[in-house]
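A.B. asks: Mind looking over this structure? Questions follow.
Readers should treat all values here as calculations from the given coordinates under stated rules, not as data from a laboratory. Bear in mind the structure is a predicted one, so any value in this text is a computation, not a measurement. Neighbour counts run over all protein chains shown; Cβ positions are idealised from the backbone, glycine included.
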Amino acid sequence: MFDDNEIISTIEMVKNENLDVRAVTLGVNLFDCISHDLQVFKKNIRAKITNHAQNLVETCDAVGEKYGIKVVNKRISISPIALVGACFSSDQMVEIAHELDDIARQVHIDFIGGFSALVEKGIAVGDQALIDALPRALAQTQRVCASVNVATTRSGINMDAVLAMAKTIKKAALLTADEDGLACAKLCVFSNIPQDMPFMAGAYLGVGVADAVINVGVSGPGVVKKAIERNIERNQGEQTDPTLGSIAETIKKTACKVTRVGELIGREVAKNLEIKFGVVDLSLAPTPTVGDSIGEIFQALGLTNIGVPGSTAALAMLNDAVKKGGAFASSHVGGLSGAFIPVSEDLNIANAADKGFLSLEKLESMTCVCSVGLDMVPIPGDITVECLAGIIADEMAIGMINSKTTATRLIPVPGKKAGDRVYFGGLLGEARIMNVPNHTLCDQFVKYGGRIPAPIHSMKN
Amino acid sequence: MNKFIITVLGKDRPGIISLVSNILYKLGCNLENANQMILQEQFAGFFIVGSPPDISLETLSQTIKSKTENTGLTIHINAVEDNENSESNTRGETFLITTIGPDQKGLVARFSKIIALHKVNIENLKAVFKGGKDPNANIMSYQVFITPDIDTAQLFNALRQKAEELDLDIRIQHKNIFDAINKI
């Protein structure tokens, strides 16, 4: 039998601290579906995905029920469509997006990721077709997520692709102007994209992994926040001051527990579906719910709000402690495994931006020390393509130089300016549009194109 | 070898285990399994012992009772059927059923009745109190062993329905989740 504390702490984590498995993502390799005939290709991908995914949702629900831990989202990631559909035109790519959207609906999942291209070193025919198709594909579907990797530490930054993505984002926003540019919430631009990430919108199945694989995304910002608060209260009770070292230790231990929950559930789902288990991605990902926020962790750490001086240091400590806890808990940690700071998806972060504590520049500096980057940031709709490309290039450079993943998920909201409210709904949340200084500049830099060379430390052979 | 279970009850104080174990040792008995708990200063101990063939239940009972007279301890001794080779009920899974909410009379009676009606064995029952005066600090935890022939959906639904009637929060979780979180 378990002792009182073991029972209480487990119940508390689930009942009051929003511990859940944020996503079980089934990766499906589509390379054996390739055909030059679009109808055959569509038939092949439908057969393969539905074959693997037909019991995904009910299996996740059954395993979640068994352990009393909810599997919130069930998703699918697929091989990059720009590779497996390289022979198709942009119009045909849009058709493929519709097919994927319908497949996702058929197997009752909320998102399917992998409408993607990897163009860090150059844009091939299939990549170009996919990039051209992106605005229509994302505007006309609900469940398809897209990502384009434009930079890596080993290849440098493809600035032609950066500019192309800035134009693509603007077009996608315009096509969904009546929904505040919602299409852009399903599109990530990456540097060093991981090939086994279970979280959307950037999930895709890499070319070096198995035919089908289950990856699990665990979250738990509420659990981490409560653990920090308990640590501080305990020290106050003993009339001692907690040190940041002891707080980091608490975060690490908590992350370890949360990761073990994810691995337990992921492995059982994989076993029941007779599919290989891939990785656990312990990323502190928020929802727009009070008590399930990354921003609240900053307040638990003694900062007025996320964004004030000290925030980058706090985030560095948080991100590192999460990684260490995750790595101790599981030998198969992958994806991003760190902390996300998506603005509109986190009520507390959105409020911090609203009150002026958090600026775009501070967000960018914080992305140097955490997962992802400028995530779910609504910006003025009249931002120039050049300025948007400049912001993307800056974020890619942080990833390239620091050998880490960075990304942007920026939403230039048509017809709206800094301070206006936008509402995306559901997990995507709501926020006020952030001010982008000098957003109407048309500087030449990004228009030179070509590639920014890989940094010297990429030569590791 | 004969096998017996000895239960010892009484007000807790230093030396109870020493007293019992030394009597058994002098009789040549082997202590195979032991467990104890203290509930509100009351000691409860359980000992499973193997004895030499010449020691009967009667001999063991008389010896122990004579040596524990005037100690205030209540001692029961029963013979145990050795079922080492039995394979019944070895397949199954352990779940923890936890109810959270204000204490009320008949709580355990009502839930254990449902569990028994479904032919499920309660392996352990625990009242967990978080402290303070919060009614939600009352937690009852039933560790149950569910064999493959049990209709778990029906059992869990019945338990959830009862919890709703009694205005209690109920959690039913496989024990592995507690292991994953607490035992590293």
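A.B. asks: By counting other Cβ atoms within 10 Å of each Cβ, how are A:409, A:136 ranked from fewest to most?
C.D. replies: Listing A:409, A:136 from fewest to most nearby Cβ atoms yields A:136, A:409.
A.B. asks: What number, rounded to the nearest 500 deg cm²/dmol, is the helix-based mean residue ellipticity at 222 nm of the protein assembly as shown, given -39500 (n - 2.57) per DSSP H run of at least four residues and division by all its residues?
C.D. replies: Here the helix-only value at 222 nm equals -12500 deg cm²/dmol.
A.B. asks: What is the fewest-to-most order of A:293, A:155, A:77 by other Cβ atoms lying within 10 Å of their Cβ? Could you put the intermediate results ahead of the total?
C.D. replies: Numbers: A:293 26, A:155 22, A:77 32.
Fewest to most other Cβ atoms nearby, the residues stand as A:155, A:293, A:77.
A.B. asks: Just how many % of Cα pairs in the stretch A:364-423 lie over 18 Å apart, if you round to the nearest whole percent? List each step's numbers first, then the result.
C.D. replies: Working: 654 of 1770 pairs.
So the portion of pairs separated by more than 18 Å is 37 percent.
A.B. asks: Which whole-Hz ³J(HN,Hα) couplings does the stretch A:72-81 yield from phi under the Karplus relation 6.51 cos²θ - 1.76 cosθ + 1.60, θ = phi - 60°, glycine and proline marked x?
C.D. replies: The phi angles translate into 6, 10, 10, 9, 10, 10, 10, 4, x, 5 Hz.
A.B. asks: Okay, moving on. Can you work out the Karplus-derived ³J(HN,Hα) for every residue in the stretch A:169-174? Use 6.51 cos²θ - 1.76 cosθ + 1.60 with θ = phi - 60°, whole Hz, and x for glycine or proline.
C.D. replies: Using θ = phi - 60°, the values come out as 4, 4, 5, 4, 5, 5 Hz.
A.B. asks: Which shape class, rounded, prolate or oblate, goes with the stretch A:21-191 when its Cα gyration tensor gives a ≥ b ≥ c as root eigenvalues, a/c under 1.5 marks rounded, and past that a/b bigger than b/c marks prolate? Each step should come with its number before you reach the end.
C.D. replies: Working: a/c = 1.68, a/b = 1.45, b/c = 1.16.
Cα axes put the stretch A:21-191 in the prolate bin.
A.B. asks: Hey, can you grab everything whose amide H is under 5 Å from the amide H of residue A:278? Only 5+ residues off in sequence or another chain; H modelled, so Pro and N-termini drop out.
C.D. replies: A:214, A:215
A.B. asks: Given DSSP loops and a limit of at most 16 other Cβ atoms within 10 Å, what is the longest stretch of chain A that contains no such GluC sites (Glu not before Pro)?
C.D. replies: Values: sites that count: A:238, A:274.
The longest such stretch corresponds to A:1-237.
A.B. asks: Which whole-angstrom value gives the distance between the alpha carbon centres of the stretch A:67-112 and the stretch A:116-172?
C.D. replies: First find each Cα centre; the distance between them is then 16 Å.
A.B. asks: Report for chain A the percent antiparallel among DSSP-assigned beta bridges with both residues inside it, nearest 5.
C.D. replies: Values: 17 of 51 bridges.
Expressed as a percentage, antiparallel bridges in chain A total about 35.
A.B. asks: With a ≥ b ≥ c the root eigenvalues of the C-alpha gyration tensor of chain A, is it rounded (a/c under 1.5), prolate (a/b larger than b/c) or oblate?
C.D. replies: Working: a/c = 1.72, a/b = 1.20, b/c = 1.43.
Taking the square roots of the gyration eigenvalues as a ≥ b ≥ c, chain A is oblate.
A.B. asks: Treating only the Cβ atoms of Lys and Arg (+1) and Asp and Glu (-1) as charged, compute the dipole magnitude of chain A about its Cα centre; round to the nearest 20 debye.
C.D. replies: On the way: 43 positive and 51 negative charges, 125 e Å.
Dipole of chain A, to the nearest 20 debye: 600 debye.
A.B. asks: Okay, next question. Cα to Cα, under 15 Å, and not fewer than 8 places away if on the same chain: which aspartates and glutamates meet these conditions relative to residue B:3?
C.D. replies: B:32, B:54, B:58, B:81, B:82, B:84
A.B. asks: On a straight-distance basis, which lysines could pair with residue A:447 in a cross-link, Cα separation under 27 angstrom, same-chain partners fewer than 8 positions away excluded?
C.D. replies: Qualifying lysines at Cα under 27 Å: A:121, A:167, A:170, A:171, A:186, A:362, A:404, A:416, A:417.
A.B. asks: Sticking with this structure for a sec: I want the antiparallel fraction of DSSP beta bridges within the stretch A:217-458, as a percent rounded to 5. Please list the in-between numbers first.
C.D. replies: Numbers: 3 of 13 bridges.
Of the beta bridges lying entirely in the stretch A:217-458, close to 25 percent run antiparallel.
A.B. asks: Can I ask one more? Can you tell me the alpha carbon radius of gyration of the stretch B:93-182 divided by the globular rule-of-thumb value 2.2 N^0.38 Å? Mind dumping the intermediate values first?
C.D. replies: Working: Rg = 12.9 Å, N = 90, 2.2 N^0.38 = 12.2 Å.
Expressed relative to 2.2 N^0.38 Å, the Cα Rg reads 1.06.
A.B. asks: Can you sort A:213, A:261 by how many other beta carbons sit within 10 Å, fewest first?
C.D. replies: A:213, A:261
A.B. asks: Further, regarding this structure: Along the charge dipole of the stretch A:245-345, Cβ charges K/R +1 and D/E -1, which of A:342, A:299, A:265 sits furthest on the positive end?
C.D. replies: Of the options given, the answer is A:265.
A.B. asks: About the Cα centre, and with charges only on the beta carbon of Lys, Arg (+1) and Asp, Glu (-1), how big is the dipole of the stretch B:93-182? Nearest 20 debye, please.
C.D. replies: Numbers: 11 positive and 11 negative charges, 52 e Å.
Roughly 260 debye for the stretch B:93-182.
A.B. asks: A further question on this structure: Please give every one of the aspartates and glutamates within straight-line cross-link reach of residue B:105, meaning a C-alpha to C-alpha distance under 18 Å, and leave out same-chain neighbours fewer than 8 residues apart.
C.D. replies: Within the straight-line cut-off, residue B:105 pairs with B:134, B:164, B:165, B:167, B:169.
A.B. asks: May I have the pair-distance distribution P(r) for the stretch A:249-356, computed from all Cα-Cα distances with 10 Å bins from 0 and rounded to whole percent?
C.D. replies: 16, 40, 30, 12, 3, 0
A.B. asks: For the stretch A:315-461, with equal point scatterers placed on the C-alpha atoms only and solvent neglected, what are the log10 I(q)/I(0) values from the Debye formula at q = 0.17, 0.19, 0.20 1/Å, to two decimals?
C.D. replies: So the normalised log intensities work out to -1.03, -1.19, -1.26.
A.B. asks: With only alpha-carbon atoms in the gyration tensor, what are the semi-axes of the equivalent ellipsoid for the stretch B:1-84, in Å, largest first? Don't skip to the answer; put the middle values down first.
C.D. replies: Working: eigenvalues 91, 40, 22 Å².
Ellipsoid semi-axes (Å, largest first): 21, 14, 10.
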